[in-house]
Each structure stands twice: as structure tokens, then as C-alpha cells.
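Everything on this sheet refers to the single structure shown next.
The values are calculated or read from the model by the stated rules, or taken from the named source; none is laboratory data. Since we're looking at a predicted model, the values are computed, not measured. Every residue, glycine as well, gets a Cβ built from its backbone with ideal geometry; the counts of neighbours run over all protein chains shown. Just so you know, the surface numbers come from the protein's heavy atoms only, side chains and all, with ligands and any DNA or RNA stripped out. Shrake-Rupley method; radii C 1.70, N 1.55, O 1.52, S 1.80 Å.
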Amino acid sequence: MVQSFLCRTFLFRKKVFLLKLIWVCCPFPLPEAGVVSRSPPDRHKASVMRRVLRRPRDTLPKNVTVKDEVHKIMIFHRLNCSKILSAFRPVALGVAVLLVALDLFVGPQLTNAAGPDSADVVVKFSPGDTIARRVTFTAPISGLAALQLTGLDVITSDLGWGIAVCAINGVGRPADNCFETVDDGNPANDGYYWGYMYWDGAAWQSYWVGAPDSVVNNGAVEGWQWGAWGDAPISPAPPITAAVKALNWLKTRQQADGGFGAPGVTAEAMLAIGANGYNTLGWQGTAMPGSGLFDYWAADDVPGDGFPSNAAKYAGGSIAAAANLALASLSMEQDPTHFAGLNLVISMTRAYSPATGSFGPNNIDQARAILAWRALYTNTTPAPPKALQLLATNVATSGGWAWSPGVPDADTNTTALALQAFAAGGWHPASPVIQNGLNFLKAAQNSDGGFYSNIIYGADSDVDSTAYVVQALLAVGEDPAGPRWTKNGQTPFDYMLGMQSSDGSFPYSMAVAGPNLLATVQAVPALLGKPFAYHALPAVKDGIIVVPAEGGVVHPQPGVTITIEGGDFDRPVIIRYTALSASGGSGSTGSFGSFQPSGVFYQLNAYDYDNPSQPVALQPGQSYSITLFYGDDAGGLFEPSLVLYYWDGSQWALESSAVLDIAAQTITATPNHFSDWIILGDKAYTVYMPVVIK
């Protein structure tokens, strides 16, 4: 096995900028290196390092330290390794050329005689967030050109010694700070950079050269990963490229009205498209150019049936359908509270009972509503605990879940949805409820690696059930390709890949052959390694929060905590938090008197859940609690003087319930009304006292 050396560099700064470089080396197998690039032998790398360390400090760019230069060299081989190779001894260079030649010899064919060349470009933004794009071109092209053909937003920087990729789709750094020579204030990204690699048919391997100098031919699979040195590599390429192939087939199935036939299949198709990072609002099929997906939902395909649109008909069919469409709307980056004339949040919670936690009459309604809730209100309003507890209570004696409570025979599909719901609700994977569910799924795995739906319908594996199980395993932290889920040497991924047809489609099962649209779209998120609830509501960024009648604690933005108690309202409400500027807002333009404004200035209102344009007042005698962290926003003000004021319609008035906590840098109030609010205070002054020396 080819070996490289992972060298850990420790820099110790002593007096007069003295640097000591200590190398600690250990054998590291190349196929397991992941984002670690093939590197020159250590003695040659050390030679380059010594050259850099001997470079006079006054020749370094301004604000660039010797440590920065060393860091560049450590990742230099990712960008333009040819300059490092020029320092190699002839034998080392000969070996490198031979290995590259061997890679090309056993790699994909150079060109596609039957038509345009194509390659797949895989991009891993973070653990659990990987997308891929198929690009077409005339071979050969460079890896950088292939990346730019994906249509993703790519930011590069010409560093003089090579072109570096700094950011992809907003993940990374700006071109003028590609390797964080200036602290970007985000310690979570320290040491991160875009690693570049390729799939050799068995594992991810790093290039000898940078993306501008690599050669991409027909059938290649390119990889990009945002992370630090030694991070876990991208997942194996075959499932990811299979998802790309399935989505390309899906493009040929979109109909003239923009949909994919039945509304349920169209919603599932949108989830598949969104799982690969596409905005489905602009998704357009190849077979029938014309209407798009939004057009399909807004249209009324059966006039006079009592439903104004396809969206209204589908969402009105069940709670699970409304929740599914809410998730699908997020793949368009649309607000589910205003989608094709519907408020899908209301649609999916129309039957919610605060007393029991029930969203709907069956377990599928319950699980899908919890999943949609998690996606809609990430980090603001957790799924109601009673809803999760009710789902746990509905478990069958086998440890799994049937489609409806009281049905004795559990199935893998409903169980997979339930496990994802518990994960979305924050339940720990070690919970007995989750572990019993996993044991039920394990018992339903066949020797081909796949899963059946329900034993009463037969024990043959099917693609739909296997895909749902894979998503459940991912949601609770299991590895679908790990030993626990390998049976007879086969994993769920092996089963799914073996079922894919040459055109990219999937059948339902081995016994039910032929392209199956629903099986294909349900396979895609699983192949991409994504469970449900992988979207977040854009409107949450604007402070829109739904609070059930039983109340809840919400955080519309960092530093703001609002507590609504049960009984504050007689119905579910929408809380809207809007940051304002110091010049006023919503008519609140009165004078602050002798006070000065801080940076904490906002508007808080409540609206009827069923009629979002209708303001709602608190019940008589009720109040809510709000805690504001002012921190640096009170800069320049005398801290003990800080007070909370509200706009009463004609002037600013003191909120008498406000309590200042200087140690915590917060103000907490329990008002009984909604309005515009601002923290005011006296300007801080420095007073110089005379000193008398006797």
C-alpha cells in the first residue's frame, strides 16, 4: 500500500521571533487519508519549510507571519503542487509522474464518442450536507473548470503561486482572506479550507496538482470538501452519483403542467430535488418545458371540485399531506404560511390538540407533522413534548409503529418516520424507544441488505422501504454502511445501487420491475445521506414564530428570549419580532427626551394563527416575559441608567416592569401589551478629578 506521512507541525515562538520547528511523523495509509492530500516525502517538504523559515521577515507581505507562510505550504499541494515538485530530487519526480500516469491509465475513458463528455462534481459543505452536480463538456478540462460548470457560486483567489478556491455557494472565505491570514472571527472555521480530490473507483484520493492544473475526462468524479486537515472524508461516491443519475431521469418525467402526476408524488419529487440543494422554484424538466412546480400547485386542475388549487386539495386530504407540502414548499425557499394561497402551517396543525398532543388520527400524520414542525421552526419553537410522547405511546409490541394506533402489525416505513420524528424532537439515540425501533428495523432486513415494508405483504425488499430506513438510521446517528446494518456482506446502499436501472430510475422491487416514480424520488434523499427536516424556514430569520395556545419559550434571534405561558392567549398565535433602526419605526418617531438610544430597538406583535393579518391581544390580566441581552449594543451609555421604553401610540413611555441585571447585561420585563420597544440610557461621561499633592 502506498504510504504517505501525516506530519504534525508545532511552532513555538520564543524571544526575538525565534521559531523552532519540530516534526513528529507516523505512517498514514493513503486510501484513508480523506481530505489529506498526497504529499511529497517529508525530507523534501522539510526542505521547502526550511526555505520559507529562512526567508527574511521584511520580504513577507504585510500582516503575514512566518506561521502563515508555513500554513500555506502545508496545503500548497492542493493548489499548485508543481512548484513543490520542482524541489524534488529527480527520482521522486519520476515516481510522481509514473503514479499520475497510472492513475490516468486505469481511470475513466478520455472522451465519450457518442456525445458530450460528462463528470460528477460532489461538494461537501459540512457533515450531513453534501450535494452533487453532473456537468457536460468536451474533454479534457480542468477541475476548476468542472467546478465552475456546476452553476454553484465559486470564489477563487490568485495567490501568485496558484489559484485557490476560497468559497462555494457562500461557504468558505472571501478572496482577500482565503486562508484566514486575518482572523475572520469564526473560531469554528479555524484551519478550514476547500480540499480537492477525486474518486478512483474505490476511495477518495487527493490530487497531485491543484484544480487549475488537474485533468478531468469523461466519467470522472470530482470531490470538494470544506473542512480541516484530517476531517472525515466525503461519503463514498457511488450512492451520491446514483442520486444525480436518478434526478437526471426525473427531469424527463416532469409533465406539461409542471407536476409529476399525482400530488403526493409531486411533493415527494420536490423533497428529492431540494435534498440535492436545488431551488425547486426554478426546476424545469427536459421533456415538457413550460409550467414549473409552483404553477402546478397554484393551478386548479379540476374546476368546481370545491378546492381552489391543487395545493388546497392535497393539503386538505390529510395532516401528513399538509406537512409534506410544507416541507416541499421549503425546497422552493417559499414561506409555507403563504404558499399558493394557503397557510400550510395552519393546514398541518388544524386538528392539533394541546391537551393530548395529537396532530392527526394516525401515526403517519403525527410523525410527518413533527418533522415539518422541526424544519419550520428550527431553533425557535421545539416540537410539542406531548406530541412526541403520544407518538411514543403508540408503539406496537414489536417495538415498531403501524400506520395507525391499534393496528397490530408494525411496518418499516412508519417506524422510519417515527424515529426521524424523535430525532427531530431532540430525543437521545440511546432512548429505549429509539433503540427498540432500531431492533424492529434490524429484524426486517433481508440478506440482500434491503428492507421489506410489512411482513403481511411479503418479505421481499423494496426500494421505498429501504430508503426510508436509511434516512431513519442517519437521523439517529447510525451508519447505514456499518457492521450493524451489513447482512450477508450487503448494506442498504448495496441493495439500492443494485436496483437502479441504467437510465437512473428505480423499480419498486425485484418482483415489481420497471421504472417507479415514487420509488425513485424517495431513494434520492437517502442516497445523498439526508434524513427529513433538512430545510429551515427562511421567514424564521425575520422573527416569525408560531406559539401554540399552551405557550412556549422562543428565541426569535440571539439574545432575545420570549416566554408565553398557557392562558396568555385563547388560541395559537404568530409572534412577529422585527428589529428596527434608531430612527424609529411603525410611527414611533417621538423624542427620547434626555435619553440616548441603544442598539436594542425592535417591534413585537402577535397575530391570529388562523388569520395572520389580524392582531391579537393578551387575555385580560395576562402578561408575557421578555429578556433582552444588550451587551455591546449599549456601548456609550451609562449602564446603571438603562431602561426599557415602549411606544404608546403618541409618545415613548417607561415600561415599569423592566428589571436591569448589570452582571448578566440583560433587561427582563413582563408587559401586558405589544408595541415598539427600545432600551434607552444616559450618555456615559468621563469625569477628571483634581489631585492635590501635599
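A few points about this structure:
- Checklist (1) farther than 27 Å from P174 by Cα; (2) open to solvent by less than 10 Å² (accessible area, probe 1.4 Å); (3) among the small types (G, A, S) applied to A202, failing item: (2)
- Hits in the range 429-466 (condition: over 11 Å from Y495 (Cβ atoms), β-branched (V, I, T) and either in contact with a His (Cβ under 8 Å, 6 or more places away or on another chain) or crowded, with 21+ Cβ neighbours inside 10 Å (or both)): I434
- Criterion (within 34 Å of the chain's Cα centre (by Cα), modelled with pLDDT of 90 or more and among the aromatic types (F, W, Y)) met by exactly one of W647, W652, W677: W677
- Qualifying residues in the range 408-428 (those that are more than 23 Å from W373 (Cα to Cα) and at pLDDT 90 or above) - the one surrounded by the fewest Cβ atoms within 10 Å (Cβ to Cβ): D409
- The range 467-506, residues that are open to solvent by less than 10 Å² (accessible area, probe 1.4 Å), in a loop (DSSP other than H, G, I, E, B) and under 19 Å from A243 (Cβ atoms): P480, G504, S505, F506
- The range 130-157, residues that are of a type in the set (D, E, K, R), assigned to a loop (DSSP other than H, G, I, E, B) and within 22 Å of G529 (Cβ to Cβ): none
- Conditions (1) among the acidic types (D, E); (2) under 39 Å from the mean Cα position of the chain (by Cα); (3) open to solvent by less than 40 Å² (accessible area, probe 1.4 Å); number of the one not met by D633: (3)
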